[in-house]
Structure formats: C-alpha cells, structure tokens
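See structure below.
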Amino acid sequence: MARKPKNTVEYFPFICEDGNKMFYIEETYGNDGFATFVKLLRELAKKEYHYLDLSHKTTLMYLAAKCKVSKEVLEAIINDLVDLGKFNSILWNENKIIWCQDFIDSIQDAYIKRNNKCMTLDGLFTLLDSLGVRKLSKSTLKGTGNTQTILKYTKEKENKVNDIEERKLKFADTLKPFLSVYGKDMIFDFYCYWTEPNKSNTKFKQELQKTWDTKRRLQTWCDNDSKFGNKSKGKEPRHEYTYNFDAGGTEKNKFTESEHLAYLAKYKNAKLVYKSKSEVESD
C-alpha cells in the first residue's frame, strides 16, 4: 500500500506582536486565555487536516485537561474566539468543529515541497460530508482571513466539468454505502488518498485510473491495511473478538476495528459476543 500523504505540521509561525483579539482574551481570562489559544493552535498543527472535532464530550474533557482549564472556561474561550472571527463560526456553532483560517494561511510554506496540498475550507466541507458529519447545502462556506462569506452555487458552476471540488464530492457520495461495512476511519483514509490532486489541480488520483471498481478497490485497501497497516503505523490496536454463528460454533480472532468490520461483512451470520478491552499484540 502506498505511503499515506502527510497532513500535519511540526511547527507553525507565531507573531509576537499582540493584537486586539489576543489582548481581549488575555485581559478576560488572564494567562489561561493566552495559553489555551496557543495550545489549541498546537493541537491544530498535530491534527490530521488541521481541524478539531469537539462534538464528543470526552474529546472536550481531554482538551480541557490538556489546557489545564475547566470545560466551561475552554468553551467560553472558544466562543469568544469565534465571536472575534478567529475561528469559523458556522463549523463551531453547528458541529463543534474548530477551524482557523489564519492558522491555515500561516502554514502554507510547509506544504510547498509536498505532493499533497494543505486542506482548504471547501475541502473540509466535502470531507465532513463524506464522513456523514454534516451535509453540504446548495451554498458553500468560504473564509479568508477574518471575513466569512456564503457563496451560492450558480447553475454555471454546477455544470462546470472541471470543478475538482464538486467532483470530489460526487466521489465521496459513492463511498457512503460502504461506511457501515468498513467504518469512518478507513473510508476517511481511502477518500483522502484517492482525492490527492495532480500538480495542476485539475484532476485527482482516482480520475487518473484507467479502470475503477469502488467495491473491489475498498476490499483490496482493507486487505492491505490488515496485512501492513498496523506494522507500519503502529496506531490501531488489536483486540480479541469472539463470534457466534447461526449454524453453531464459536470463533476467536485478534482483529483491529477495521478488520472486525470487514469480517462481519464477509461472514454475515457472525455475531460478536465479546471484545477484550485490553490491547492485544499482533502475532
């Protein structure tokens, strides 16, 4: 399996000059406000595609602990940063997702020598739609700097064949039926790999293939991920799964979550009866 493009950064520029926004945050929350903002930027740098999804309570709890503030204070700081135009208001108010366009603009140099490009706001909306997090409406959000405007899709734009973002969205739609089979994480990796654009940003990798069968490609991706993914990445733990079958019998296996989903898809009469909570080393 090809090496996954890198979509994180190890560092980012930080302007030493205090602006009005940071003055307000520090004046209101003291050092906690300033330190929390810097730590949020660090998390954006380390996070794949540079956005933070805080829609889950546990994620918010973890981030608050990392910033050494209460959940209430963390949410208050984020809400103020949204009101000040530092974070995207639509993504936060509707989905509890942090997106900072100023941060994205500041790290563009890190992507110059890479084959892949930095995530854009339009690209993020397409990605979130493919993951079922939110649905794209007939308008798309576009933000630069501290301004945000809603640009309505016109009929001319809808009919443009060379609109790469629109074609990515159509490709994402073809993956939705497989979410229940392979899970969001694997579909997410698959989508990001095959939508990597060419240098002219006119076509993405999937469009350059001479032949294409989504179902077969996903099965091959899953098989390769099972063989090589854990040894190369070392991120996804294996657990011990116990299955019962309608025809009788019990079977135990050491699987990752994606392997487990693929197994259930392959053996439709298999029923999970136990999953170990502790991580199991692969053989």
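Derivation of every value follows stated rules applied to the coordinates shown; laboratory data play no part. Source: prediction; values computed, not measured. Glycine also receives a Cβ, built like all others from the backbone with ideal geometry; neighbour counts cover every protein chain displayed.
General remarks:
- FRET efficiency, residue 38 to residue 117 (Cβ-Cβ, R0 25 Å, nearest 0.05): 0.45
- For the stretch 20-119, the residue among 44, 20, 93 whose Cα projects farthest onto the positive side of the dipole built from Cβ charges is 44.
- Sparse packing (at most 16 other Cβ atoms within 10 Å of the Cβ) combined with a DSSP loop state is found for the following GluC sites (Glu not before Pro) in the stretch 1-67: 10, 17.
- Each residue of the stretch 168-173 was assigned a 3J(HN,Hα) from its phi angle through the Karplus curve 6.51 cos²θ - 1.76 cosθ + 1.60 (θ = phi - 60°); the sequence is 4, 5, 5, 5, 4, 4 Hz, with glycine and proline shown as x.
- Measuring r between the beta carbons of residue 271 and residue 62 and using R0 = 45 Å, the FRET efficiency lands at 0.85.
- Taking the Cα centre of the stretch 20-119 as origin and assigning +1 to Lys and Arg Cβ atoms and -1 to Asp and Glu Cβ atoms, the resulting dipole is close to 520 debye.
- The stretch 20-119: proportion of alpha-carbon pairs further apart than 22 angstrom, %: 28 percent
- Taking a ≥ b ≥ c as the square roots of the eigenvalues of the Cα gyration tensor, the stretch 164-231 is prolate, since a/c reaches 1.5 or more and a/b is larger than b/c.
- Point-charge dipole on Cβ atoms (K/R +1, D/E -1) for the stretch 69-113, about Cα centre, debye to 20: 180 debye
- Lys pairs under 19 Å by Cα in the stretch 20-119, provided they are eight or more residues apart or on distinct chains: 27
- Going by neighbour counts of Cβ atoms within 10 Å, the residues 22, 61 line up, fewest first, as 61, 22.
- Ranked packing of 80-91, 102-113, most packed first, by mean Cβ within 10 Å: 80-91, 102-113
- Residues whose amide H lies under 5 Å from that of residue 203, counting only those 5 or more places away or on a different chain, are 198; hydrogens are built 1.01 Å from N in the peptide plane.
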